[in-house]
Amino acid sequence: MTQMKTGFEYSVLLIVTLIWGTTFSVTKSSLALVPPLYFLAWRFSLAALGLLILNIKRLTGITKDEYIGGVVSGISMAGGDAETIYVSPERLAAKAVELSRRTPGNLGVAFTYNEPLVGFEYVRDCAGLVHAAGLKNILVTNGTVCEKPLSKLLPLIDAMNIDLKGFRQDYYDWLLGDLETVKKTIAISARACHVEVTTLIVPGRNDSEEDMDAEAAWLASLDPAIPLHISRFFPRYHTRDLEPTPVDTIKRLCSVARGRLKYVYSGNC
C-alpha cells in the first residue's frame, strides 16, 4: 500500500513538473500580447481556483487569522512590497569573495533558512564557484534528499547541520517525512564533511528519554564526536495548540544524550 501511494505521489509530481515546464513557452508568448499585471492576475486566479477545487476539505480548517494573513501577503506581493531578486551563482560567489577581503572577513556561504535542497541545482552551481574561490560552503538542511544528488553535492560542502526531527517513523509521519532517508543522509554526509545534528523537542511528541537515548546511541555508532543540538520548541502556525518545551525537559534530554555523545548542546533556552 505504501509503495502504491509513493508511486502515485511521484507520478503526480512528475505531471505537475511537466505542466509547469510547458507554461514557460505560453507565458513568453502571452506577455508579448498582454500587460504583465493582467496576465499574472489571470494566471494566479486560475491557479487559486484549481487549488480551491482540489483542497476544499482542507480549507475548511483554516482559521480567520490565516485567511487574513493570506490576504495581506497577497496584497503585499501584488503591490510590490514583497519583492524577490535573482542572484546568479557568479554574483553570489563574487559577493562572498568581496566580503572575505573586508574586516572582519568572511569564510564563505551558508545555504540555510528555506530548505536549500529545494533548489539543489542552484546550491550546486553556487557551491562550485565558492569553492573555486577558496571559500567554504555550509549547508543547513532537513536531510530529505536522495543519495545520488547528495553524492554530487557533498564534494562541494565543508560542513552541514542536519535536522533529525525525531527518532520514530510515526513522528516523521506527523511531519510527512521519512526517518530512514534522513538517517541515510546523516550517515553518508558524516563520512564526507563536518556534520552536526539538531533535534527540536516538541512536548508530548518526541520528548521521551527512550527516544533520545536511541537517537544518541545511533549517532554515536557513526561517530561519538558528532555534535548534537537539542532545542526548545515554541508554538507557531499549525502547532499553536501545543505548549513551549520546558527548559527542564531540554536539560534532562541533554543529560541522556551526553551518556553517548561527546558534544551535546542545548538551544533556545
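The values are calculated or read from the model by the stated rules, or taken from the named source; none is laboratory data. Quantities reported herein were computed from a predicted structural model and do not represent experimental measurements. Here the Cβ is made from the backbone with ideal geometry for all residues, glycine too, and neighbour counts use every protein chain on show.
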Looking at (1) free of Cβ contacts under 8 Å to residues at least 40 places away in the same chain; (2) in a loop (DSSP other than H, G, I, E, B); (3) among the polar types (S, T, N, Q), which is the only condition residue 206 fails? (1)
Pairs under 6 Å by beta carbon, first residue closer than 14 Å to residue 222 by Cα in the range 251-269, partner in a strand (DSSP E or B) and not small (Gly, Ala, Ser), six or more apart or different chains? 261/228
Of all the residues that make up the range 190-204, how many are farther than 17 Å from residue 264 by Cα and out of contact with any Ser or Thr (no Cβ under 9 Å at 6 or more places or on another chain)? 3
With (1) under 29 Å from residue 62 (Cβ atoms); (2) touching a helix residue (DSSP H, G or I) at 6+ places or on another chain (Cβ under 6 Å) as the list, and residue 230 as the residue in question, which single condition is left unmet? (1)
Yes/no for residue 137 being touching an Asp or Glu at 6+ places or on another chain (Cβ under 9 Å) and within 29 Å of residue 166 (Cα to Cα): yes
List the helices (runs of 4 or more DSSP H) that sit entirely inside the range 94-203 and contain at least 3 residues that are in contact with a helix residue (DSSP H, G or I) (Cβ under 7 Å, 6 or more places away or on another chain), at pLDDT 95 or above and surrounded by 17 or more Cβ atoms within 10 Å (Cβ to Cβ). 120-132, 179-190
Inside the range 174-218, the number of residues satisfying the requirement of being over 20 Å from residue 247 (Cβ atoms) and of a type in the set (Val, Ile, Thr) is 7
Given (1) over 14 Å from the mean Cα position of the chain (by Cα); (2) within 19 Å of residue 231 (Cβ to Cβ); (3) not assigned by TED's automatic domain parsing to the domain that holds residue 246; (4) not β-branched (Val, Ile, Thr), where does residue 124 come up short, assuming only one miss? (2)
Of the residues in the range 233-263, those that are within 18 Å of residue 186 (Cβ to Cβ) and in contact with a helix residue (DSSP H, G or I) (Cβ under 6 Å, 6 or more places away or on another chain) come to 257, 260, 261
Return yes when residue 185 is in contact (Cβ under 8 Å) with a residue 12 or more places away in the chain, assigned by TED's automatic domain parsing to the domain that holds residue 201, within 17 Å of residue 196 (Cβ to Cβ) and among the β-branched types (Val, Ile, Thr) and no when it is not. yes
Got a sec? Which of 139, 154, 150 is under 14 Å from the mean Cα position of the chain (by Cα) and within 20 Å of residue 188 (Cβ to Cβ)? 139
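Just one of 253, 242, 219, 261 is more than 30 Å from residue 70 (Cα to Cα) and in a loop (DSSP other than H, G, I, E, B); which is it? Quick ask: steps written out before the conclusion?
Details: 253 fails: in a loop (DSSP other than H, G, I, E, B); 242 fails: more than 30 Å from residue 70 (Cα to Cα); 219 fails: in a loop (DSSP other than H, G, I, E, B).
When all the criteria are applied, what remains is 261.
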